[in-house]
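The values are calculated or read from the model by the stated rules, or taken from the named source; none is laboratory data. Since the model is a prediction, treat every value here as computed from it, not as a measurement. A quick note on method: Cβ atoms are made from the backbone with ideal geometry, for glycine too, and the neighbour counts reach across all protein chains shown.
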Amino acid sequence: MTSKHIDHTVPLIRAVVIHPDRRSDSPRLASERLEEAAGLARALDLDVRAEEIVRLRSTTPATLFGSGKVEELAALIRAADAEAVVIDDDLSPVQQRNLEKAWEVKVIDRTGLILEIFGRRARTKEGRLQVELARLDYERSRLVRTWTHLERQRGGTGSTGGPGETQIELDRRLIADRIVRLKAELEEVRRTRGLHRKARKKVPFPSVALVGYTNAGKSTLFNRLTGSEVFAKDLLFATLDTTQRTIRLPQGRPAIIADTVGFISDLPHELVESFRATLEEVGEADLILHVRDIASTDSDAQAKDVEAVLEQIPTPEGKTRRVLEVWNKIDLLDADVREAVTGQAERLAREGKAVAVSAWTGEGIEPLRETIAALIDDDPETRLTLQPDQGEALAWLYENGRVTFRDTDADGLTHMVVRLHPSALGRLERLYPDIID
Ligand SMILES: Nc1nc2c(ncn2[C@@H]2O[C@H](COP(=O)(O)OP(=O)(O)OP(=O)(O)O)[C@@H](O)[C@H]2O)c(=O)[nH]1
Ligand SMILES: [Mg+2]
């Protein structure tokens, strides 16, 4: 008899990933999409044994694929000795259950997969609540057992059959109750965070938000710009929670920079909804850095997806949205392509539209910092006159603004022109009202 103490490592769940190719609805290459789906599966620690693209000319309501295809895939699934199948599409609860029955494996669809990944990655209280809410929303509509059940059941007693009617009703009520409680809790967390945000607004620093497709290199760039070590990995949705740091831009000007959750095509609406608060924060940034993996063959389609999400985020009143594209990973490009890309970026950089960098090697980071500084440095100039004894105000101005002119006249009066963020100007008016011309 083997002792259960010998092996503590849980073997990875063996899986097959299937991308139903509908062709008409997306210009993306099916192979790119399949690769991405496999990446998502691996992000959930699945052992991807086989990957398959299935052309879908029409959909079968009961099983998505036609019966011949279902059988064909059954053979593939058996050959791979798979325990789970990922369908890179939305499945109705009925389709999901029928496929599970036909293949005798756990079946998970794209939304379910993304929700599971988010569930594992969430670290902050708000992140966890957001994901939990999104997951309940998804579950409510289908009432199927979630992934975690499968993991718990592994090696267990096996299936006990579908839940009965009363069980489903009970589940439904439990979910509804839980949603109400979660919403209240989330509201409370956000309320306190809202207060924090207001407190932060008093800091006269412009804010920069990093956004982009998952795996584009946001966290790597964040680390490069801030000298910190946020978790960055070749893993889809490595980052879920927003991290903020203060950076010094050229001329010593400070800015707050935020790393955020990545986007993906067909982001489940449940998630967009529950991450609304995070996205709203992005909308409030003075500058959005759209980080793109320029070496990916899917780069343009990814950019369009990100832009589509950005469009849904409201811009606060009186603010114009400013987006700078950061073309990342140029180190991965072949010399000739790279030259063309950097040349194009240089032309766009003059208009403050794009900068080509490698967050990995550091190439292009200095020009990026300068472009960021130039873009957020459009604070109005304020003319000031300081009395000889106002050294404290002088220090304050250097600390909180950018001095563009300073001259002391024969009477000892110091005349200055200082660029000040509106909130800094507000503070200045309260602190030293007499020095503004
Ligand atoms: N070669 C190369 N790899 C890079 C570069 N920037 C990032 N990477 C790699 O790309 C992968 C993803 O990087 P992350 O910084 O985690 O990407 P992210 O956008 O934060 O991803 P999520 O948080 O998952 O949305 C990691 O393996 C990085 O090492 C780059 O400039 N060049
Ligand atoms: Mg990240």
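Output yes when any residue across the range 159-176 is modelled with pLDDT of 75 or more, touching a Ser or Thr at 6+ places or on another chain (Cβ under 7 Å), of a type outside the set (D, E, K, R) and more than 16 Å from ligand 1 (Cβ to nearest atom), and no when none is.
Looking for residues that are modelled with pLDDT of 75 or more, touching a Ser or Thr at 6+ places or on another chain (Cβ under 7 Å), of a type outside the set (D, E, K, R) and more than 16 Å from ligand 1 (Cβ to nearest atom), one finds none in the range 159-176, hence no.
Among residues belonging to the range 252-288 that are surrounded by 23 or more Cβ atoms within 10 Å (Cβ to Cβ) and either of a type in the set (Ser, Thr, Tyr) or without any contact (Cβ under 8 Å) to a residue 12 or more places away in the chain (or both), point out the one that is farthest from ligand 2 (Cβ to nearest atom).
274
A quick yes/no check of all residues on (1) modelled with pLDDT under 90; (2) more than 16 Å from ligand 2 (Cβ to nearest atom); (3) more than 18 Å from the chain's Cα centre (by Cα):
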{"position": "178", "(1), (2), (3)": "no, yes, yes"}
{"position": "181", "(1), (2), (3)": "no, yes, yes"}
{"position": "185", "(1), (2), (3)": "no, yes, yes"}
{"position": "193", "(1), (2), (3)": "yes, yes, yes"}
{"position": "196", "(1), (2), (3)": "yes, yes, yes"}
{"position": "216", "(1), (2), (3)": "no, no, no"}
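In the range 218-256, which residues are at pLDDT 90 or above and not aliphatic (A, V, I, L, M)?
Answer for the range 218-256, where residues must be at pLDDT 90 or above and not aliphatic (A, V, I, L, M): 218, 219, 220, 222, 223, 224, 226.
Specify the residue that is nearest to the chain's Cα centre (by Cα); the eligible residues are those in the range 329-371 that are within 12 Å of ligand 1 (Cβ to nearest atom) and of a type in the set (S, T, N, Q).
The selected residue is 358.
For the range 406-437, name all the residues that are assigned to a strand (DSSP E or B) and farther than 25 Å from residue 287 by Cβ.
406, 407, 408, 414, 415, 416, 436
Hey, can you tell me all the residues within the range 82-105 that are of a type in the set (D, E, K, R) and more than 34 Å from the chain's Cα centre (by Cα)?
101, 104
For the range 334-350, which residues satisfy the criterion of being among the β-branched types (Val, Ile, Thr) and in contact with a Phe, Trp or Tyr (Cβ under 7 Å, 6 or more places away or on another chain)?
341
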